[in-house]
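The values are calculated or read from the model by the stated rules, or taken from the named source; none is laboratory data. Since we're looking at a predicted model, the values are computed, not measured. With ideal geometry, Cβ positions are generated from the backbone for all residues, glycine too; neighbour counts draw on all protein chains shown. These area figures cover heavy atoms from the full protein model, side chains too; ligands, DNA and RNA do not enter into them. Shrake-Rupley method; radii C 1.70, N 1.55, O 1.52, S 1.80 Å.
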Amino acid sequence: WDNADFSRGVGTTFYQEFSTLNTAKPPFVRDVEAKVRRYLRSSYSAVWTLKITWEKAPVYASRTDTRKTITYQAVLTTDGFRSYILMLYQDGGMQWDYTRLSATNVLIGYT
């Protein structure tokens, strides 16, 4: 994510926090819970969730072309004991041309 360049005024980053310990869960949190249950085949009930969105983020060194952008999210969630992260990309995955980046060891995800 450090290869996004917001210095030209293109794109934005925002977040939304969901604390659901003793409150009704919005549809977004219920969807996150369903994904965790489906992918990990375990019971899961979130007490806190954070959604971070990078919208229309241009690639670093976007001096040449700010039209090629990507929208992606990181969703952090916990039940108080276990924590998970969902990394979501717009349809089609990462749209940046990684062959034109200054670094060639580009990863999608985390290590």
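Of the residues Glu33, Glu55, the single one that is acidic (Asp, Glu) and surrounded by 15 or more Cβ atoms within 10 Å (Cβ to Cβ) is Glu33.
Restricting segment 58-78 to residues that are surrounded by fewer than 16 Cβ atoms within 10 Å (Cβ to Cβ) and in a loop (DSSP other than H, G, I, E, B), the residue that is modelled with the lowest pLDDT is Arg63.
Is it true that some residue in segment 34-44 is modelled with pLDDT of 95 or more and of a type in the set (Gly, Ala, Ser)? The answer is yes; a qualifying residue exists.
Considering only residues that are in contact with a strand residue (DSSP E or B) (Cβ under 9 Å, 6 or more places away or on another chain), of a type outside the set (A, V, I, L, M, F, W, C) and open to solvent by 70 Å² or more (accessible area, probe 1.4 Å), which ones fall in segment 14-30? First the steps, then the outcome.
Initially, segment 14-30 is screened for residues in contact with a strand residue (DSSP E or B) (Cβ under 9 Å, 6 or more places away or on another chain), giving 14-21, 25-26, 28-29.
Adding the requirement that they be of a type outside the set (A, V, I, L, M, F, W, C) leaves 15-17, 19-20, 25-26.
Answer for segment 14-30, where residues must be in contact with a strand residue (DSSP E or B) (Cβ under 9 Å, 6 or more places away or on another chain), of a type outside the set (A, V, I, L, M, F, W, C) and open to solvent by 70 Å² or more (accessible area, probe 1.4 Å): Tyr15, Gln16, Glu17, Ser19.
Can you list residue pairs whose Cβ atoms sit under 6 Å apart, with the first residue in segment 9-24 being free of Cβ contacts under 8 Å to residues at least 60 places away in the same chain and the second being outside any loop (DSSP other than H, G, I, E, B) and among the aliphatic types (A, V, I, L, M)? Count only pairs 6 or more apart in sequence or on different chains. Between residues of segment 9-24 that are free of Cβ contacts under 8 Å to residues at least 60 places away in the same chain and residues that are outside any loop (DSSP other than H, G, I, E, B) and among the aliphatic types (A, V, I, L, M), the close pairs are Gly11/Ala57; Tyr15/Ile52; Glu17/Leu50; Phe18/Val29; Thr20/Val29.
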